[in-house]
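Single-structure report; data block below.
What follows is calculated from the coordinates using simple rules that are stated; it is not laboratory data. Note that the structure is predicted; figures quoted are calculated from it, not measured. Cβ coordinates were reconstructed from backbone atoms using ideal geometry, including for glycine residues, and neighbour counts include every protein chain displayed.
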Amino acid sequence: MKAKAKKHFINIQVWTTHFLGTAERGQALLTLLESIDGGRWAPERWNTIEPIRKPYSRDSAGEIIKCWIEDRPPGSGEVYNDLMFRRTKPRALILVHALRLGTGGLNSIWMELEAQSFLTGDGSDRLKAILQGFVSWSDGVYGSVYYSGQAHKRTVQMTPLQRLDQAYWLNFFGQPYLDMFGRERILRAPCHAVVEIPGHGLVLQAAPRFDSPEITESDKLLIALEEYLGPDAFAGRGYPKVPCRVPSFDLWETIPPSPRVYSQ
Amino acid sequence: MAQTQLARETSELEKEYDAARGLNKIWVGIKLAFKANELLPTPFALSYEGAALAHAGDALEGSAEVLTGLGRNSTKVLEGVAEGVAFRRPDFLGFSPTFGNILGEAKDAAKLALRGQLRDAFRAAKELNSTLYLFVAEETQFSRPLLQRIQDTGARVYRYVGNEWKDVTDELLKKLRSSE
């Protein structure tokens, strides 16, 4: 299993209804990225667009934050900004998106890491800690940890505003999902463990490890989890023609104070 | 009758595009020859490369015009908002009989990434409540941040393969899940 996992990667993604493009969140993000998982994923390069080539250091924080909070047109409060970070040995790619535009939408952080770094006994706990760090930083409403070796793979577009794409090894459910599924129902889910992130929500852990045989050799466990939570929330049955059941999201932070009227 | 006309236009544009691609292939051969002999390309050769690439890009855009049913766009978007430029002018903008409300870009590039122009295209599509369509060449590759943005926004990708357009969005997005 270890030899096979060398080629694999882990995706950690967290979505939030909060607007992330503030100086406070930006500073906290840089601190988080430099320290998370013992600092082994500290960025080496950054940029707002590709290619991601600008050398990253504490001295670049001022420029990064300036780019991160910039509204365009100036003074409009409208933001559509990205921060991208990368590093090698161990390899990581991070994409953070701040959006306050039009009718609003979810902001997000996405990180891709080589799976090899998590093959040790503490690997699963370290991944849980990274997910928890992202949830706490962003006040997330939904998050997931995907292992590229997992058997259950469903590719569907869009965001949790439209659907949950599938169940994962780790699934974080914030308040909107506690309201929709029911907190007690999530706590009783047929899975390895359910862990609370105080003040944020519940992490549902499907199996002991991301590379447990129940995850890598069969899709049954994760599909059973979807069936238990409510298959109409997941994009497995006729989506996008058949809309998914989604919670009520409060997007007010991601709508500009004075939205412009757009026309073609 | 209209269908016959459409088929004829498509066929002519396909020929033009293929011819342009052929020119590009010749140029790639010339470049390899230069590299092998450690020679520098002449100004004539550089100008030939630019012309061949422009011709191929125009032909791809022309073929996408037929697919979308939209003429080349002249409307500016993101005035005073675009990244590093005064405005953007997407290749296609408006209601397409084929796709509905779209903002489209035709890209004849070896690799596409989440650079300023494409990021602006995603922003403009969000502002205009349109879907972003990317019309790309057969060999065009995509960076992972760009694939991730396509995944999250519902943008669609059409690839020009074997003289026809093919929706390759789902196929491309599977790469985000795969360790290959």
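General remarks:
- Here the label points at A:E253 and B:R72, each 7 Å from Cα along the C-beta direction, are separated by 4.5 nm in the simple model.
- A simple spin-label model places pseudo-atoms 7 Å from Cα toward Cβ; at A:L187 and A:Q27 they are separated by 3.8 nm.
- Secondary-structure-derived ellipticity at 222 nm for chain A, considering helices only, amounts to -7000 deg cm²/dmol, per-run term -39500 (n - 2.57) for DSSP H runs with n ≥ 4.
- Ranked by how many other Cβ atoms sit within 10 Å of their own Cβ, fewest first, the residues B:V161, A:V156, A:V141, B:V81 fall in the order B:V161, A:V156, B:V81, A:V141.
- Share of alpha-carbon pairs per 5 Å distance bin for the range A:129-264, given as whole %: 2, 10, 19, 21, 21, 14, 6, 4, 3, 2, 0
- Peptides B:83-91, A:40-48 ordered by average Cβ neighbours within 10 Å, highest first: A:40-48, B:83-91
- Cα convex hull of the range A:2-254 - mean projected area over all directions, nm²: 13.6
- Projected over all directions and averaged, the alpha-carbon convex hull of the range B:69-176 occupies 6.6 nm².
- Counting, for every residue in A:103-110, the Cβ atoms of other protein chains within 10 Å of its Cβ and taking the mean gives 2.
- Distance between modelled label sites at B:A110 and A:D122, nm, 7 Å Cα→Cβ extension: 4.4
- When each of A:K153/A:K220; A:K54/A:K128; A:K241/B:K76; A:K220/B:K174 is checked by Cα-Cα distance, pairs over 23 Å: A:K54/A:K128; A:K241/B:K76
- Chain A: most fluctuating residue of A:G143, A:G123, A:G182 per GNM, C-alpha cutoff 10 Å: A:G182
- Mean projected area (nm²) of the alpha-carbon convex hull when the range B:71-128 is viewed from all directions: 4.4
- Listing B:S130, A:S76 from fewest to most neighbouring C-beta atoms within 10 Å gives A:S76, B:S130.
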